[in-house]
Amino acid sequence: MLSRPAKARLHAAAGGIAMLTILAFQALLWRAEASGFPEDILAARLAILWGIGLVLVPALAGAGLSGAMLGRGWRRPEIATKTRRMRIVAANGLLVLLPMALALWWLASKGMVDERFFWLQRLEMLAGLVNLGLLGLNMRAGLRLRGPRRMAV
């Protein structure tokens, strides 16, 4: 069984990895789109699908599980707010972002990189930024819950 400080470190690391992964996806998409080459867009789409499965989902699962363990038994409104935000992040990911990532990869693989593709990609990027913002708010709330850090003397 992990100690509370170990759970807190795991939670912070998993949440940080999830946020950095979403930022990396955004940067990758902007770069691929700026290049204008369909091959770059397809490569970015494939990399994102792999990143979702190998990095993002495990990081979000780790953050969610460790957060649930850390918040168990607490009756503070901040915990309920963090939980509500994570439910929105999960729903946005499963109902919007994952289907869009699959559809956009499929369109790119068929060479159908057109105006419709770019509009869908913009919607996907907006949904990703919503998740990034919600995770950022949860990070801020977690830092406030932790309280001030004391310096070692």
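Please treat every number below as a calculation from the coordinates, not as lab data. Quick caveat, the model's predicted, so the values are computed rather than measured. Ideal geometry is used to build each Cβ from the backbone, glycine not excepted, and the neighbour counts take in all protein chains shown.
Things to note:
- Some residue of the stretch 12-29 being surrounded by 15 or more Cβ atoms within 10 Å (Cβ to Cβ), touching a residue at least 60 places away in the same chain (Cβ under 8 Å) and over 30 Å from V113 (Cα atoms): yes
- Any hit, the stretch 85-108, residues being in contact with a Leu (Cβ under 6 Å, 6 or more places away or on another chain) and touching a residue at least 60 places away in the same chain (Cβ under 8 Å): yes
Rundown of residues vs (1) free of Cβ contacts under 8 Å to residues at least 60 places away in the same chain; (2) exposed (fewer than 14 other Cβ atoms within 10 Å of the Cβ); (3) over 22 Å from R144 (Cβ atoms); (4) touching a helix residue (DSSP H, G or I) at 6+ places or on another chain (Cβ under 6 Å), yes/no style:
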| residue | (1), (2), (3), (4) |
| --- | --- |
| M1 | yes, yes, yes, no |
| S35 | yes, yes, yes, no |
| A43 | yes, no, yes, no |
| M69 | no, no, no, yes |
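- If only residues of the stretch 109-126 that are assigned to a helix (DSSP H, G or I) and crowded, with 16+ Cβ neighbours inside 10 Å are counted, the one that is farthest from the chain's Cα centre (by Cα) is F117.
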